[in-house]
Amino acid sequence: MKKYNYPKGYSLLQTTLKTSEFLKHPINFITKSMEQFGDTYTATVGTDKLILTQNPDFINHILRENHRNYMRSDITAKRGAQFFGKGLLFSNGTYWLKQRRLIQPAFHRKKIKGLYGNIEKTIADYLLDFPTGEDIDIYPIMHDLSFRVLIKSLFEIDLSKEVMAELNQIFGELSDFLMKDVNMPIRKIFYPFTGEERTHLKKAKRLREIILQIINERKSATGEFSDILDMLIHSKYEDTGESMTEEQLIDEVQILISAGHETTGNTLSWLMYNLAAHPLSQQKLIRTIDDATIDEVMKNDYLRACIHESMRLFTTSWTSERVAIQDDTFDSYSYPKGTVIVPFFFGVHRDHTRWEDALTFKPERFVEDEKLAKSKKYFPFGAGPRMCIGNSFALAEISYFLFSFFKSYTIQNTAAIPELMPLLTLRPNEVILNIKKRN
Ligand code: HEM
């Protein structure tokens, strides 16, 4: 039998004994393991080996340089597709490539510019009723805002409060279920008795019905639209000249909502926490905003640096996974096909051997070194051909929000440091702030 040289790590027995510690707080557990083994280690789950790494060169190897040898594992792709459809995030191989090529142009920076008006207006309307006072938890507010901005950018029609609430609820419930299912595969044996899986599959079916209903409503509405749906409906496959089928359209719309909503809401929440906890950075940001017009928002270096720095310290997409299609090697390691590699983005971004004052919030680092945001040790949106398709959209939304918010409000920290909750994405348990209207 061929012998492989896995990174050091946990045997089957050790991994099994440590499962509850891992499940209690995956980020703390992985961080501790990295301290023990270096920047890469192996875990053994049943007959499978998992390699977890915070070595940026290894991560670039699987996501960029040798990406053709890697795909999403069945655990996420097949299971995710059952609940959220076979859109970009949960597809693989030639089907994924075909869809990515079709959809990519809709997310080109120039196209996203066409959505700025919509994003700006949704945020401005939202800020009219923004709560002020002491001890306000901004997390659900940021979540709600990012949901509205995304839905309004996807479908430029007004949806009823009931439809918005039902959509939001189903997305939340399905994400929670998927998270538990992926982290604890053993739960599956209880599903026939608890009926949990059946209930959630019914919810997934209901989600498709609502999305289809919205698509049809928007298609039959009169007027000109420059929303994402318009771009998706009019995109044509290069080889056949045809558009997506109705089922494919539902798949992709669902994926855009599920991949774009929670990530942006969490990123905004962490950013607000950081700016409240660092009043000097907040004041500096306010000074640069006060001197600027909204048209200059995307060129504001300090504002962009605050976003990058917050995404470095609180990396919403804290991890991912890929499975090797053929045997592969990296450095002195070698491993067989089927090995799952888990890039630990959170760890790379806090590694003190790679970042000076790694645990300090210092937006200046991104101003002083303009190339840092594009460097190969920074992965807030992943890397390579499967890098986040919505990154320009998310950055535009966050920039518009910061600009509009700090023109009218200031925030103060209440000294409560949010707890890290590493679910499918990294969210804070709450972000309690004092919010004041500026004079
Ligand atoms: C701050 C907000 C966001 C963060 C931090 C984020 C992060 C990421 C990351 C890290 C990936 C790559 C995952 C991997 O390689 O396994 C990804 C993929 C993806 N993101 Fe985002 N994302 C954000 C916003 C959005 C938005 C607004 C949309 C859509 C409107 C979106 C749609 C997607 C899709 C469809 C994919 C899958 C791409 C593919 O596999 O081809 N994301 N995102």
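Note on the stretch 185-223 and the stretch 240-256: Cα centroid distance 17 Å, given to the nearest whole angstrom. The residue list T194, L212, T222 was ranked by how far each Cα lies along the charge dipole of the stretch 179-252 toward its positive end, using unit charges on Cβ atoms, and T194 comes out on top.
How high is the FRET efficiency between R68 and K32 when r is their beta carbon distance and R₀ equals 45 Å, given to the nearest 0.05?
Step by step, r from the Cβ atoms, then E = 0.85.
Taking 0.36 nm per residue of sequence separation and removing the Cα-Cα distance, the D135/N391 pair yields an extension gain of 89.0 nm. Each peptide among 421-429, 4-12 gets the average number of other Cβ atoms lying within 10 Å of its residues, and from highest to lowest they stand as 421-429, 4-12.
Using only Cα coordinates, the Kirkwood hydrodynamic radius of the stretch 280-439 works out to 17.9 Å. The stretch between R287 and K374 holds 28.7 nm of extra length on full extension. This uses 0.36 nm per residue minus the Cα-Cα distance.
Sorted largest first, the principal axis extents computed over the alpha-carbon atoms of the stretch 317-369 equal 42, 24, 17 Å. Between the amide H of V431 and those of I138, Y139, distances stay under 5 Å, these residues lying 5 or more places away or on another chain, with hydrogens modeled in the peptide plane. Each residue, K78 and D57, gets one label point 7 Å from its Cα in the Cβ direction; the gap between the two is 3.6 nm.
Fraction of C-alpha pairs exceeding 14 angstrom in the stretch 193-235: 62 percent, rounded to a whole number. Taken one residue at a time, the phi angles of the stretch 219-227 give Karplus couplings (6.51, -1.76, 1.60, θ = phi - 60°) of 5, 8, 6, 8, x, 9, 10, 10, 9 Hz. Gly and Pro are set to x. Translational diffusion coefficient of the stretch 287-333 (Stokes-Einstein, Kirkwood radius from Cα pairs, 4 °C, 1.567 mPa s): 89 µm²/s. Between K407 and D48, residue separation times 0.36 nm minus the direct Cα-Cα distance comes to 123.9 nm. Quarter the surface of the alpha carbon convex hull of the stretch 48-166 and you get the mean projected area, 11.9 square nanometres.
Based on Cα contacts under 8 Å between residues 6+ apart, the stretch 383-439 shows a relative contact order of 32 percent. Ignoring lysines fewer than eight residues from K110 along the same chain, the ones with Cα atoms less than 26 angstrom from its Cα are K98, K121, K152, K219, K236, K299, K371, K374, K376. Remark on the chain: Rg and Dmax equal 22.0, 74 Å (Cα only). Approximating the spin labels as points 7 Å out from Cα along Cα→Cβ, the K111-to-F193 distance works out to 4.9 nm.
Computed from the coordinates by the stated procedures, all read-outs in this text should not be read as laboratory data. Keep in mind the model is a prediction, meaning the values are calculated, not measured. Every residue, glycine as well, gets a Cβ built from its backbone with ideal geometry; the counts of neighbours run over all protein chains shown.
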